[in-house]
Structure formats: structure tokens, C-alpha cells
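First comes the structure, then the notes that go with it.
The values are calculated or read from the model by the stated rules, or taken from the named source; none is laboratory data. Remember, predicted model here, so these are calculated numbers, not experimental data. Every residue, glycine as well, gets a Cβ built from its backbone with ideal geometry; the counts of neighbours run over all protein chains shown. To get the accessible areas, we keep the full protein, side chains included, count just its heavy atoms, and leave off ligands, DNA and RNA. Shrake-Rupley method; radii C 1.70, N 1.55, O 1.52, S 1.80 Å.
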Amino acid sequence: MTMLDQKIYKYLRGTATSKEEKEVQDWIVSSDQNAERFFEIKAKYVASTLGDTDVDLDASYHGIFNTNNPTSRNRGRIPGTILKSAAVLAILVGLGFIFRDVIIDSRTAPIIPGDAIILQLENGNIEVISEGGATKVVDTEGNVLGAQQGSQLIYKNNGTSKEELIYNTLTVPYGKRFDLLLSDGTEVTLNSGTSLKYPVQFLKTKNRQVFLDGEAFFNVAKDSVNPFIVNTNELNVRVLGTKFNLSSYPEDQFVNTTLIEGSVSVYNERDTFDSSNAFLLEPGFKAEWNKNNKQILVEEADIAMHTDWLNGKIILRHVPFKNIVKKLERHYNVDIVNNNPELNDELFTASFDVESIDQVFKTFNVTYEMEYKINDRQIIIN
């Protein structure tokens, strides 16, 4: 019996420590396979409490499932009909238990579809946002702070006098994009595979600060008193009012800030902002932060290549295939396995918008002949 199995059994009996409960819950929600495995174990656990048995259980279950009746001669066998009923009961009870623990207890996340747009509230509660839905954000006093209108979530400026920032986090999965209107009037479009943490209401006494993991386009509302700061864990982008694109995916080597209009200052997030340690961008330029050497390179930008994702396009200009893979995975919600390392450094120039992933690979094949197979959402290159 594995250490994980022991923790699951303790979890089911209610004897697990809080740390063990957290480990089991995190394991359950990490994949569909884990959830199915948990329900299978729980079905056997519930069935073992229902009386006489005639279906064999795995021997590893006996010592734990029958702690109250260790001498039972038939403890390892369960009638098939009871096992099936118990399995259904375990699944229903298990789902209710997980959702109750997770939605009310903010320490963990519920089991949610992998392609869902997720809104996490300050208390840890999770809202699944369906495109075209009508999600509302409500505070503890019942006041509506924000509401969904089509593919946009809109927060209101209700003139709060509170002195504490309350954050929400919006997460957009692969293959989707979503719009956000913050309480100060700043418009944000989140690209696929992106999370943004932001205050429900900005405070007049504090800078307007949000936290980005992924890529977003910002149209920042002007405020000469309170700068708007985007934090990317390694880099801060500071503005008063402007339009810019910021790409900061954790798997990418570079953080790119591309300025469309106005001005922005880019600086190391470990530093306190000062004009002497920041790089000031002009429209049409980008700042490229190298995560390896912690250096910033400022150069003229190909604006379309960095912003046409807003129109559902992918534009490539002499880009190595190894850098294209993640773009395609995020855009098309696919998993690409490249077993041909020679392909990694091949350069491609192309533009895609309405093409399917199969058409994209056929286009690549014109430049570099490759063997590949598409199985649903997985592409294997040999």
C-alpha cells in the first residue's frame, strides 16, 4: 500500500490531519484520472460497510476498511449490485464532500472543467464563467460589485470608503480570450492561458496595481495621481494612462512590453520605482526582459505581431519552431509533442487566423517536411 493510499483511507475515515486532507484534495483535483481513482477507492470503502460480501476486494483494503469488524469471514467479498450502488453513492457523496469543502473552505479549488473561464473571489470561492452567461460579483453585504455582459466582466466604481483591497482573480484557459473592465475604467483583454489578479475596487490612497501571469492588452484609464502598475513577478510596468500589450507567460524566456499609445516605464519588480532605474518606452517600441540574464532590451516593435492575437490571429516573423509550439498550444488548446529536435531551430514566417490546427501544420509542411499525427487535441511530431 502506498503512502498516498494510506492518506486517502485516513481522509475517508475522517482521521487525516489538516495537512493530509489538503494533500489528498489537491491530488484529487489535479486530474480526471485522480478523481476517478478516488471515487473507485471510496466506492469500495462505502461498500465495505454495507454487510456481507461476495466480490473480492484488493487485499490492501482489508486492514483499513474493516477496522470495526476485523474477524468477519466474508469481509473481502461484496455483492456486485451493492458495489455498484455503493459506487454511485460514493461518487455523489464524494462530489458533494469535495465541493462543500472547497467552495466554503477557500484553501482548495473545486473540480472544474479544464476549458472553463474561472473567477476566484477573495474568500477562495470559485465561479465558472460561461461565455454569454450572467455571472455577478457580490460582496458580503449583498452589494453587486460587478456583472458579466456577454464576453466581458464589468466592475463598478461604487465610491467605496474601505481601506482594504479586496482581490479577484480571473483565469482564461487555452483556446479562449476574455474581456475585463476594472472599476477605474481600465479595459483589459486576457489572452488564452492567462490569469489576472486585480482589486475589486481601487483605493484613492494606493497605486492601482494588478498581477499578470500570461498575456493581456491594457487600455489604462488616466489618473495623474495614482499610477497603474502591472506586476509580472519579475518585471513591473508603470503607467498613468495608455495602451500597451504585455506578454509574461511563465514558460517563455522573455517578458515583452509593447507600447501602442502614451508612455510606460519598465523596471525590475524588486526595485522601488525611480526614473533612474526604469526604461521609458515610446509608442511603437517594445521592452524585452530576459529572465536568464535579468537584462532589458528596448527596440522598435512589430506591433501587429504582438497585438493581432486580439483579432484571433497568430503572426510569425522568422520565429524558431520551439518558440511557436506554446503559441499554438495556447491558441488552439492542443498538446504538441515534438520528437524531432532538428525542427526546433527551423525558422517560420506565416500568418494564421481562421485555419484549423491541421491546416496550420500543412502550411509548416510546405517549408519543412515533417511527419506528424493529430489525435483529437494531441499532435505528435516524429
Problem set entry | Isotropically averaged projected area of the stretch 192-251, using the convex hull of Cα atoms (one quarter of hull area), nm² | 4.1
Problem set entry | Difference of contour (0.36 nm per residue) and Cα-Cα distance, Ser263 to Ser195 | 22.1 nm
For this session: Would you list which aspartates and glutamates come within 16 Å of Lys294, measuring only between C-alpha atoms, while excluding same-chain residues fewer than 8 positions from it?
Result: Glu234, Glu251, Asp252, Glu269, Asp271
Exercise. Using the scaling law 2.2 N^0.38 Å as the reference, what is the normalised Cα Rg of the stretch 293-334?
Worked result: 1.34
For this session: Heavy atoms only, probe 1.4 Å: what % of the accessible area of the stretch 143-277 goes to carbon and sulfur, would you let me know?
Result: 43
For this session: Pull up the cross-link candidates among the aspartates and glutamates for Lys313, meaning alpha carbon to alpha carbon under 12 Å and not fewer than 8 places away within one chain.
Result: Asp353, Glu355
Seminar exercise, completed: With label points set 7 Å from each Cα along the Cα-to-Cβ direction at Lys206 and Asp302, the distance between them in nm comes to 4.0
Exercise. In the stretch 206-341, what is the volume of the convex hull around the alpha carbon atoms, normalised per residue and reported in Å³?
Worked result: 121
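Between Ser30 and Gln253, how high is the FRET efficiency from 1/(1 + (r/R0)^6) when r is the Cβ-Cβ distance and R₀ = 25 Å? Nearest 0.05.
Using R0 = 25 Å, I get an efficiency of 0.40.
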For this session: May I ask you to derive the relative contact order of the stretch 185-259, considering only C-alpha pairs under 8 Å and at least 6 residues apart, and to give it as an integer percent?
Result: 27
Problem set entry | Virtual spin-label span in nm between Asn143 and Gln295, 7 Å along Cα→Cβ | 5.0
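What is the extension gain from Met370 to Glu164, computed as 0.36 nm multiplied by their sequence separation minus the C-alpha to C-alpha distance, in nm to one decimal?
Values: separation 206, 0.36 × 206 = 74.16 nm, distance 5.58 nm.
So the extension gain works out to 68.6 nm.
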